[in-house]
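Input: a single structure, listed below in structure tokens.
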Amino acid sequence: MLIKTPKKSQLLENQVTDESVYIKRRTLLKSLGYIGATGLLAPHAANAVDWFSDDETPNATLTSLDFKKAQPGLDKLTPEQKVITHNNFYEFGAQKHQPAELAQSFKVDPWKLTISGEVDKPITLDYDDLFKRFELEERIYRLRCVETWSMVIPWIGFSLADLIKQAGPTSKAKYVAFETLYDPSQMPGQKSRRLGGGIQYPYKEGLRLDEAMNELSFLSVGLYGKTLPPQNGAPIRLVVPWKYGFKSIKSIVSIKLVSKMPPTTWNILAPHEYGFYANVNPNVAHPRWSQARERRITSGGLFAQNRLDTEMFNGYSEEVAHMYKGMDLSKYY
Ligand SMILES: Nc1nc2c(c(=O)[nH]1)N[C@H]1C(S)=C(S)[C@@H](COP(=O)(O)O)O[C@H]1N2
Ligand SMILES: [Mo]
């Protein structure tokens, strides 16, 4: 069931960070001249600070969700305010702070998601179906970006396998291809090479069928108890926590079962840097940097982060390592 809630009340930063941190941050922002300067930030200045001042708080309308709560795990959750203001969503700008600024009026209702291709029963889901067709559950997953920052996020959604099973894959289905909405009128990064980081749109991703059917593969429609903010991939995005973040494609309009390995956005752009598999692997360096360690974005001040060793498959080996037995993961990176 969906319950409409007022926009800004849920997003006030002083409700999600403790007061002393909040005040310190305001002081720092003020001393840097950001507060009160909404819309006037020089690009390099905007770059330096990933967070919103009060008058820039994201304000898309979010809705509370009913879901089965997850058992708390060992990882400390990344504060909501950081999850929703430090994003990669190049359709809304290639800098971390831009999606939260440029995506607030993104229209997610009505929406249409089709499941097609090598299936016996193609499916079309509209906006309400995304929240009603499956029982929603919470999953707390680590997210490891290929750029080496990481977060711990309480997602809400349903298992990708449940959706694929309903469509009934044929014997020819070997891979699953995903596509993000293509709508340059709403997504400024699709119109401008500078904003959009020079990638080809629509954004595309893919999984092998067994990866898609793995118990961890998740379609998220919410986080922190509410519908997804647009900058996090509303109304529905993929979450595959053992792979680098770029596999977790946002704002999906098409899921297609196919017989051949589908093209994927980052692999098209830089094949020697980004492979199809993109499993988190501390032993295989990116050509331009090591993947052995990561910066976990935490609660605390502006630039707070914990430095950690990166784990094989982002710590999910028990659930996923069996799928890659016998594969040379330095070749299939
Ligand atoms: N359509 C689309 N999906 C995307 C991206 C993107 O630019 N466009 N960026 C990816 C990358 S690189 C990461 S790390 C995650 C970030 O998700 P978050 O902003 O919710 O943390 O989204 C992924 N999904
Ligand atoms: Mo990423």
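The values are calculated or read from the model by the stated rules, or taken from the named source; none is laboratory data. As the structure is a prediction and not an experimental result, all values here were calculated from the model. So basically every Cβ, Gly included, is an ideal-geometry build from the backbone, and we count neighbours across all protein chains shown. Keep in mind that these areas ignore ligands, DNA and RNA; they rest on the heavy atoms of the full protein, side chains included. Shrake-Rupley method; radii C 1.70, N 1.55, O 1.52, S 1.80 Å.
On segment 226-333, 53 percent of the accessible area sits on carbon and sulfur atoms, based on a 1.4 Å probe. Cα centroids of segment 167-244 and segment 81-108: 15 Å apart. Only Cα pairs under 8 Å and 6+ residues apart enter the sum, and on that basis the relative contact order of segment 226-333 stands at 22 percent. Applying the Karplus relation 6.51 cos²θ - 1.76 cosθ + 1.60 with θ = phi - 60° to segment 138-147 yields 3J(HN,Hα) values of 9, 9, 9, 10, 7, 10, 10, 7, 5, 7 Hz, where x marks Gly and Pro.
Peptides 217-229, 161-173 ordered by packing proxy, namely the average of other Cβ atoms within 10 Å per residue, highest first: 217-229, 161-173. Sorting 176-185, 262-271, 68-77 by average packing, meaning the other beta carbons within 10 Å per residue, from highest down gives 176-185, 262-271, 68-77.
Under the simplified labelling scheme, the residue 215-residue 185 pair shows an inter-label distance of 4.5 nm, with each label point 7 Å from Cα along Cα→Cβ.
Running Debye on segment 271-326 with equal point scatterers at the Cα sites and no solvent, what base-10 log of I(q)/I(0) appears at q = 0.14, 0.30 Å⁻¹? Ignoring solvent entirely, the Cα scatterers give -0.49, -1.18. Cα convex hull, segment 70-131: 177 Å³ per residue, rounded to a whole number.
The phi-based Karplus calculation (6.51 cos²θ - 1.76 cosθ + 1.60; θ = phi - 60°) puts the 3J(HN,Hα) values of segment 231-247 at 5, 9, x, 4, x, 8, 9, 7, 9, 10, x, 8, 10, 4, x, 5, 6 Hz, whole numbers, x for Gly and Pro.
Distant-in-sequence amide contacts of residue 149, defined by a placed amide H-H separation under 5 Å and a gap of 5 or more residues or a different chain, comprise 295. Panel note: the C-alpha atoms of segment 215-333, placed on their principal axes, show extents of 40, 37, 31 Å (largest first). Quote the Stokes-Einstein diffusion coefficient, in whole µm² s⁻¹, for segment 165-206, based on the Kirkwood radius over alpha carbon pairs, a temperature of 10 °C and a viscosity of 1.306 mPa s. Rounded, D is 129 µm²/s. Pairs spanning more than 29 Å between alpha-carbon atoms, out of 76/331; 256/325; 172/226; 121/191; 69/204: 76/331; 172/226; 121/191; 69/204.
Each residue of segment 69-86 is assigned a 3J(HN,Hα), and the resulting list reads 6, 7, 5, x, x, 7, 6, 7, 5, 6, x, 3, 4, 7, 4, 9, 10, 10 Hz, derived from the Karplus form 6.51 cos²θ - 1.76 cosθ + 1.60 (θ = phi - 60°), x at Gly and Pro. Placing unit charges on each Cβ (+1 for Lys and Arg, -1 for Asp and Glu) gives segment 190-333 a dipole about its Cα centre, and among 333, 228, 290 the Cα reaching farthest toward its positive end belongs to 228. Just so you know, the Rg over Rh for segment 114-226 is 0.99, from Cα atoms, with Rh as the Kirkwood radius.
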